[in-house]
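Inspection log for the structure reproduced underneath, given as structure tokens.
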Amino acid sequence: MSTEEEIENLKFPIGEFEIPEQVSVENIRDYIDEVARLPQALIEEVEHLDQDQLQMVYRPEGWNIRQLVHHIADSHMSAFMRFKWALTEDEPTIKAFNEKGFAELADSKFTPVTLSLGFLKALHAKWIILLENMSTEDFERTFIHPESGFRYSLKQSLANYAWHGKHHLEHIIELKKREGWD
């Protein structure tokens, strides 16, 4: 395997996200379950790591574990708001955020991960209540991403965030395996 292939595997351990063309009611249920499971899975993977371990990067030029945890919180907070906007406005253009810039801010570099883990637990609990009370028609509602101009349905967005959580969780799991922390 070439170095380039190794970096791609480190970057996308579960593969890159592909927007599903068809999303069934069963898929939606599975995505909701993934979103619901993420906070506890993250807690279990990082709660016993020391400060040096939290500073380890999962790939060259990647974020450290601390930044990953805070990034997930930032990203999923944004996702929750995107859902609320799409449910209350007619096809809103959402606000994108500079995830690399956010990861370099003090709250991502120095804040204890326990704050974002607690935040994710509360945020996801609230998000799950919203998701479980959405109708099939609600999942068809859309928002527009300002950078790509792409029109995302909420069911596609849910698929993306279910993948996103697993994607970053796997970064942590794989790093722990490589380092022999399991």
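The values are calculated or read from the model by the stated rules, or taken from the named source; none is laboratory data. All figures in this text were calculated on a predicted structure; none of them were measured in a lab. Cβ atoms come from the backbone with ideal geometry, glycine included; neighbour counts cover every protein chain shown. In case anyone asks, the SASA skips ligands and DNA or RNA and just uses the protein heavy atoms, side chains included. Shrake-Rupley method; radii C 1.70, N 1.55, O 1.52, S 1.80 Å.
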Exercise. Which members of region 8-26 meet the condition of being open to solvent by 50 Å² or more (accessible area, probe 1.4 Å) and either of a type outside the set (Asp, Glu) or not in a loop (DSSP other than H, G, I, E, B) (or both)?
Worked result: Glu8, Asn9, Lys11, Phe12, Ile14, Phe17, Ile19, Gln22, Val25, Glu26
Exercise. Just to be sure, is Gln67 polar (S, T, N, Q) and surrounded by 12 or more Cβ atoms within 10 Å (Cβ to Cβ)?
Worked result: yes
Problem set entry | Residues (more than 17 Å from Asn160 (Cβ to Cβ) and out of contact with any helix residue (DSSP H, G or I) (no Cβ under 6 Å at 6 or more places or on another chain)) located in region 8-40 | Glu8, Asn9, Leu10, Val25, Glu26, Gln40
For this session: Of the numbered conditions (1) open to solvent by less than 20 Å² (accessible area, probe 1.4 Å); (2) closer than 25 Å to Arg141 by Cβ; (3) under 18 Å from the mean Cα position of the chain (by Cα), Met81 fails exactly one; give the number of that condition.
Result: (1)
Problem set entry | Search result, residues across region 167-179 that are open to solvent by 40 Å² or more (accessible area, probe 1.4 Å), in contact (Cβ under 8 Å) with a residue 60 or more places away in the chain and out of contact with any Leu (no Cβ under 8 Å at 6 or more places or on another chain) | Glu170, Glu179
For this session: Would you tally the residues in region 27-65 being charged (D, E, K, R), part of a loop (DSSP other than H, G, I, E, B) and touching a residue at least 60 places away in the same chain (Cβ under 8 Å)?
Result: 2
Problem set entry | Test: residue in region 27-39 that is modelled with pLDDT of 95 or more and closer than 24 Å to Gly180 by Cα | yes
Exercise. Quick check: is even one residue across region 68-82 more than 19 Å from Trp163 (Cα to Cα) and assigned to a helix (DSSP H, G or I)?
Worked result: no
Exercise. How about region 119-136: which of its residues are touching a helix residue (DSSP H, G or I) at 6+ places or on another chain (Cβ under 9 Å) and not charged (D, E, K, R)?
Worked result: Phe119, Leu120, Ala122, Leu123, His124, Ala125, Trp127, Ile128, Leu130, Leu131, Met134, Thr136
Problem set entry | helices (runs of 4 or more DSSP H) wholly inside region 95-147 containing at least 3 residues that are without any contact (Cβ under 8 Å) to a residue 40 or more places away in the chain and open to solvent by 50 Å² or more (accessible area, probe 1.4 Å) | 99-103, 113-132
